[in-house]
1. Tell me which residues, restricted to the range 23-53, are surrounded by fewer than 11 Cβ atoms within 10 Å (Cβ to Cβ) and at pLDDT 90 or above.
2. Going through the range 140-150 one residue at a time, which ones are under 22 Å from residue 23 (Cα atoms) and in contact (Cβ under 8 Å) with a residue 12 or more places away in the chain?
3. Whether any residue in the range 168-180 is in contact (Cβ under 8 Å) with a residue 24 or more places away in the chain, in a loop (DSSP other than H, G, I, E, B), surrounded by fewer than 22 Cβ atoms within 10 Å (Cβ to Cβ) and touching a Gly at 6+ places or on another chain (Cβ under 6 Å) is what I want to check.
4. Would you confirm whether any residue within the range 129-137 is free of Cβ contacts under 8 Å to residues at least 12 places away in the same chain, closer than 23 Å to residue 40 by Cβ, out of contact with any helix residue (DSSP H, G or I) (no Cβ under 9 Å at 6 or more places or on another chain) and not hydrophobic (A, V, I, L, M, F, W, C)?
5. Within the bounds of the range 192-201, is there any residue that is part of a loop (DSSP other than H, G, I, E, B) and touching a Gly at 6+ places or on another chain (Cβ under 8 Å)?
6. Looking for whichever is part of a helix (DSSP H, G or I), within 20 Å of residue 54 (Cβ to Cβ) and modelled with pLDDT of 95 or more here; the options are 64, 81. Which one fits?
7. Looking at residue 56, is it modelled with pLDDT of 90 or more, more than 29 Å from residue 141 (Cβ to Cβ), within 19 Å of the chain's Cα centre (by Cα) and of a type in the set (Asp, Glu)?
8. If you go through the range 123-135 one residue at a time, do you hit one that is in a helix (DSSP H, G or I), modelled with pLDDT of 95 or more and exposed (fewer than 14 other Cβ atoms within 10 Å of the Cβ)?
Amino acid sequence: MSQGLFANQSVQLQDAFDALRKDLIHEDGPRISTMRNYRFAILQYLPADEFKVRTEVQRLTGDLVGNGWMVLSINLQKLLLDRVRAEGDEWVKRVIEMEKKMHAIGPDRSLSYLQDRVAPLIEGPEGIAADCSRIICEHAEQHPDQRDRTVALIGRAGALYPFFRSSSLLKHLDGRTMNVPAVLLYPGERRGSKGLSFMGMLNPDSDYRPRIYP
């Protein structure tokens, strides 16, 4: 990849965070969506820019806090591991042993096996979306006076690949955030005007209602 292309991607990433920052700290309230009761947005970035995104998130958080905002940072990797650990040590041990056996037959078999075991733990309205909803709603209930100046930044989505499509996350969060705005940091590629390919590997999904930054 040429140096010029790298520079262009860095500019696009910076532009995305600048636009998100501007829309969140708007004098009339957060403007990440044109729908009052649908306050979701997606910030798309290339998976290779993961560490750059974490730096930008720290800067954005500092700016928001400086403007009187509360920022909830939701780590999807942690939520995934919490759900796996909740199954117990014996379950984890059995899955690891079977995955190794399947891998000896073929990598595709082992991956398919893991998907069959892990996906049910995190899919659907009572999966990892419920964990995100719980974190957001508990904070909103504990700090009702700050609800209008709270934003949830949902990151580390790459950890869910290939067990979960992130488009499902926002679908199952709809109506379950007490109207607290939520931004999904999305590692993937833009395909067309509305299509997104998770991690640049899955077929493009265009089933997105939120605004996509940049």
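1. Passing the criteria: only 51.
2. The answer is 140, 146, 147, 148, 149, 150.
3. Scanning the range 168-180, I find no residue that is in contact (Cβ under 8 Å) with a residue 24 or more places away in the chain, in a loop (DSSP other than H, G, I, E, B), surrounded by fewer than 22 Cβ atoms within 10 Å (Cβ to Cβ) and touching a Gly at 6+ places or on another chain (Cβ under 6 Å), so the answer is no.
4. The answer is yes; a qualifying residue exists.
5. Yes, because at least one residue in the range 192-201 is part of a loop (DSSP other than H, G, I, E, B) and touching a Gly at 6+ places or on another chain (Cβ under 8 Å).
6. Step by step, each of 64, 81 is checked, and only 81 is part of a helix (DSSP H, G or I), within 20 Å of residue 54 (Cβ to Cβ) and modelled with pLDDT of 95 or more.
7. So residue 56 fits the description; yes.
8. The answer is yes, given that some residue of the range 123-135 is in a helix (DSSP H, G or I), modelled with pLDDT of 95 or more and exposed (fewer than 14 other Cβ atoms within 10 Å of the Cβ).
The values are calculated or read from the model by the stated rules, or taken from the named source; none is laboratory data. Please read all numbers here as calculations on a predicted model, not as lab measurements. Virtual Cβ from ideal backbone geometry, glycine too; neighbours counted across all protein chains shown.
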